[in-house]
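One structure is given below, encoded as structure tokens.
Just so you know, all these numbers are worked out from the coordinates, no wet-lab data involved. This structure is a prediction, so every number in the text was calculated from the model and none was measured. Counting neighbours? That spans all protein chains shown, and the Cβs are built from the backbone with ideal geometry, glycine included.
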């Protein structure tokens, strides 16, 4: 079974990370890492605690502590079985730490390993407006092989609900990894 690492950090928009895990865990194994600030935002935005999260995903999801820097996924020798790392949402603090090569947490470490092992690191950044420091960090990571994407929904599929908007963004992330889904109607699908 193919494996992904999904990380949720302390930016607004934790629903993106939750929906990505929900979709991936249908057919893939997911290592989920949540930062302490990520848990704070999970509580504020989704009213979920650590225990709620453990009970939410029963199949194909392993939740790892962000403090566990010695977790098996922290080693490059284990990345042959990892399809990629998705950070959703990615705070600009996490973005800056990764761009600087800091490995002060498991999220930072798996991102660093992902880049050095030439796997796909996908950062779904949720911040606005952006400072020049944020943009320079995005540039640095893009030049290093990461994919930096704003959580920016499209409107051509005529969204009616917040779920429609979330599903569009999550679908675009999954498209990048060639993961099949039916979360949104693609451009001009009605012409087929």
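Every listed requirement among (1) closer than 22 Å to residue 108 by Cα; (2) surrounded by fewer than 18 Cβ atoms within 10 Å (Cβ to Cβ); (3) touching a residue at least 40 places away in the same chain (Cβ under 8 Å) is met by residue 60 save one, (1). In summary, residue 55 fulfils each of the numbered conditions (1) closer than 27 Å to residue 184 by Cβ; (2) free of Cβ contacts under 8 Å to residues at least 12 places away in the same chain; (3) part of a helix (DSSP H, G or I) with the single exception of condition (1). Taking the criterion of being at negative phi, in a loop (DSSP other than H, G, I, E, B) and without any contact (Cβ under 8 Å) to a residue 60 or more places away in the chain, would at least one residue in segment 34-44 satisfy it? So far as segment 34-44 goes, no, none of its residues is at negative phi, in a loop (DSSP other than H, G, I, E, B) and without any contact (Cβ under 8 Å) to a residue 60 or more places away in the chain. Screening segment 67-175 for strands (runs of 3 or more DSSP E) wholly inside it with 3 or more residues that are in contact with a strand residue (DSSP E or B) (Cβ under 8 Å, 6 or more places away or on another chain) and crowded, with 20+ Cβ neighbours inside 10 Å returns the ranges 82-90, 120-125.
The lone criterion from (1) crowded, with 18+ Cβ neighbours inside 10 Å; (2) part of a loop (DSSP other than H, G, I, E, B); (3) within 15 Å of the chain's Cα centre (by Cα) left unmet by residue 184 is number (3).
When segment 80-102 is examined, which residues are found to be without any contact (Cβ under 8 Å) to a residue 60 or more places away in the chain and more than 26 Å from residue 169 (Cβ to Cβ)? Those that are without any contact (Cβ under 8 Å) to a residue 60 or more places away in the chain and more than 26 Å from residue 169 (Cβ to Cβ): 80, 100, 101, 102. Inspection of segment 12-19 finds no residue satisfying the criterion of being surrounded by fewer than 21 Cβ atoms within 10 Å (Cβ to Cβ), part of a strand (DSSP E or B) and in contact (Cβ under 8 Å) with a residue 40 or more places away in the chain.
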